[in-house]
Structures are given as structure tokens and as C-alpha cells.
Amino acid sequence: MLKETPPSDRLVLGARDVRFDWSDLPRHWVPDEPLATHLMNVLHLLLPAGERWFVAVFQQALPLITDEELRRDVLGFIGQEALHARAHQEVLDHYTAQGLDCRPFTDQMEWFFSVLLGDRPRLRGRAESEWLVSRLAIIAAIEHITAFMGDWILNAEGLDRAGCDPTMLDLLRWHGAEEVEHRSVAFDLYRHVDGRHLRRIEAMVLVAPMLFVLWRKGVRFLYSIDGELAGRPLPRVRDVRGPASRGVTPALSHLGRKVLRYFSRSYHPSMEGDTDQAVAYLAASPAARAAEGRAAEGRAA
Ligand SMILES: [Fe+2]
Ligand SMILES: [Fe+2]
């Protein structure tokens, strides 16, 4: 076990109890950009199951933490991820109510995280702790990706120019800003309980292609159930070039370069993203401000 953790941002990570009203959400909430819309809708397919899994794994790691600041960060991370999962789940529930039933896909995601990557009760001793360490390494790798995606969405002026639905944009930027805020926590926790370089590299070698496959599958699934796109061919990977050139999705080359940064021995998430920008967005976010107003009313009552 490593005795030291690298410095992380000394923010106090707070969960913001945000609420969103989806009643006026257009089907293609990036106007005239169904591919960009569904590329980002894949977040709603993956994140509820994935972030609930993060919470479950981190709760198992809590007894291993001997650093009080890290424990506080991990508890803040758990609170934030639980609310991210809820917010994306509410979008899915809205889609289901609108006849866009995502359950054939999300049921597979539930199996993926809770069975394939879930607890293995038959493991004992070292095998059990190695399984926990492997899952912490996987979460650290995913959190690198969520951090640079969060940084991308905070800076994606193309989505503003395109007239993106403001409520969905606020959800994505609130979530992205909190991903930037807590971007060091999973990495620091992995370093604290194990820290083997090769293990974290192996985790990214697994995670990046896995997410690519799930994303492609998710977009094609959404096209197949979106009646407004009936008769259109399913999108190919190279079709992303169009929306990327308009700044409404990240370019694949950008994503590839960001993933590669994780392989450096000197990598630390604090080198990615801009905490001040994230905090500034959270101070301005309509949903986060409303959540803070409700919290203040609760404290005053
Ligand atoms: Fe999240
Ligand atoms: Fe996260």
C-alpha cells in the first residue's frame, strides 16, 4: 500500500440535488443533428448502471482508506456519482414514457456492471482484494475519460451555436463540471490502495476499446428505435466526422489523443481540465443554483 497520495484539488466535493424537467425535450435535442443527439444519449444508456457500480465498488474500498482527506473526497465522489446516475435514469424514464424504450439495451448494461464486473462472493483472501483493486483501476481509467469529456462539454461552443436544448445542455455541463471537480479521486484512491502502473495501463487497454464498442452499439440501438429516423441507414464510425467538424461532438482524434495521455508514468488527473472553470459553471448552472436554493431553504426551515 502506498503511504502517500499525490496532491489533489482540495475542494470539498458536494452533491448537488439537481432536478430537471424533461417535458419539453425535443427528440433531437441538438437541432437537425440526430447523430450528435444519439451519441450523447448513449451517456444515458451507460451511466445509470455504471455510476451505481462505481458507488458500490467505492463503498467496498472505504475500509482500506487510511488518509482522512482521501476518505472525505471518496465520500464526496460517492454522493456526486449517485446523483449523476439518478439524473441520467430520469432521462431514460422520460424516453420510456415517450415510447423510446431503452430497456433492451440498459438491461444488458445492468448485467454488464452488476454481474460481469460485480461482486464475486466465492473469492477469498488475496483473490478477493485483487478483484477489488482491478475494479478500482477500471474506475480510474473510466474517470480519466469522463474528466476529459467533461472538459470537452464545458468548452463545446458548437453546442451553444447549434441551439442545443438548454435543459439537456445544463445536465451535461453540470455532470461534466462535477467530473472535472472530482477527476483526481478515483486515481488517488487506486494509488492509495495499490498503485501498480501496469495494472492501471491494463485497465485503460481494456476500458477504451470496451467503451468504443458500447458506444457504437448504443448509437445503432438508438437509431433502430427512433421512429423519426425510420428508413435511414445506421450510422458508421466515420459519419462522426460531420458533427465533429461542426463542434457538436468531439472528434475521434481528440478522444484518441486524450486516452493516450493516461499511459504516461507521470500522469495525474490534476493535469487535465480546469477546476476553476468547472466551479464557475456550477455557480451559474440553472439546475445547480436551484438545488442550492432548495438546500438553503431546507437549512433555514
Ligand atoms: Fe458521473
Ligand atoms: Fe465521475
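Can you find, within the range 86-116, the residue that is nearest to ARG16 (Cα to Cα) among those that are within 16 Å of ligand 2 (Cβ to nearest atom) and buried (at least 18 other Cβ atoms within 10 Å of the Cβ)? So, considering only residues that are within 16 Å of ligand 2 (Cβ to nearest atom) and buried (at least 18 other Cβ atoms within 10 Å of the Cβ), the one nearest to ARG16 (Cα to Cα) is ALA87. When the residues of the range 69-85 are narrowed to those that are acidic (Asp, Glu) and crowded, with 19+ Cβ neighbours inside 10 Å, which ends up nearest to ligand 1 (Cβ to nearest atom)? So the residue we want is GLU81. Determine if the range 275-291 includes at least one residue that is among the charged types (D, E, K, R) and modelled with pLDDT under 95. No. For the range 236-245, filtering for residues that are surrounded by 15 or more Cβ atoms within 10 Å (Cβ to Cβ) and in contact (Cβ under 8 Å) with a residue 12 or more places away in the chain leaves 2.
Residues are listed down the side, and each one gets a yes or a no for (1) out of contact with any strand residue (DSSP E or B) (no Cβ under 7 Å at 6 or more places or on another chain); (2) aliphatic (A, V, I, L, M); (3) modelled with pLDDT of 95 or more:
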| site | (1), (2), (3) |
| --- | --- |
| THR5 | yes, no, no |
| PHE20 | yes, no, yes |
| GLU33 | yes, no, yes |
| HIS38 | yes, no, yes |
| LEU43 | yes, yes, yes |
| PRO48 | yes, no, yes |
| ARG52 | yes, no, yes |
| GLN59 | yes, no, yes |
| PHE77 | yes, no, yes |
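Scanning the range 182-208 for residues that are more than 30 Å from PRO34 (Cα to Cα) and either crowded, with 21+ Cβ neighbours inside 10 Å or under 14 Å from the mean Cα position of the chain (by Cα) (or both) gives HIS182, SER184, VAL185, ALA186, PHE187, ASP188, LEU189, TYR190, ARG191, HIS192, ARG200, ALA203. Taking the listed residues LEU171, LEU159, the one that is more than 14 Å from ligand 2 (Cβ to nearest atom), farther than 19 Å from PRO48 by Cβ and buried (at least 21 other Cβ atoms within 10 Å of the Cβ) is LEU159, with no other qualifying.
Residue-by-condition table, conditions (1) more than 30 Å from LEU206 (Cβ to Cβ); (2) touching a residue at least 12 places away in the same chain (Cβ under 8 Å):
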{"residue": "LEU234", "(1), (2)": "no, yes"}
{"residue": "ALA251", "(1), (2)": "no, no"}
{"residue": "PHE263", "(1), (2)": "no, yes"}
{"residue": "HIS268", "(1), (2)": "no, yes"}
{"residue": "ASP276", "(1), (2)": "yes, no"}
{"residue": "TYR281", "(1), (2)": "yes, yes"}
{"residue": "GLY298", "(1), (2)": "yes, no"}
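A search for C-beta distances below 8 Å between a residue of the range 175-189 that is within 11 Å of ligand 1 (Cβ to nearest atom) and any residue that is among the basic types (Lys, Arg), counting only pairs 6+ apart in sequence or on different chains, returns GLU178/ARG16.
Among the candidates THR146, THR167, the residue that is of a type in the set (S, T, N, Q), within 21 Å of PHE263 (Cβ to Cβ) and assigned to a helix (DSSP H, G or I) is uniquely THR146.
The values are calculated or read from the model by the stated rules, or taken from the named source; none is laboratory data. Keep in mind that this is a model prediction, so the values were computed, not measured. Using ideal geometry, Cβ is built from the backbone for each residue, glycine included, and neighbour counts are taken over all protein chains shown.
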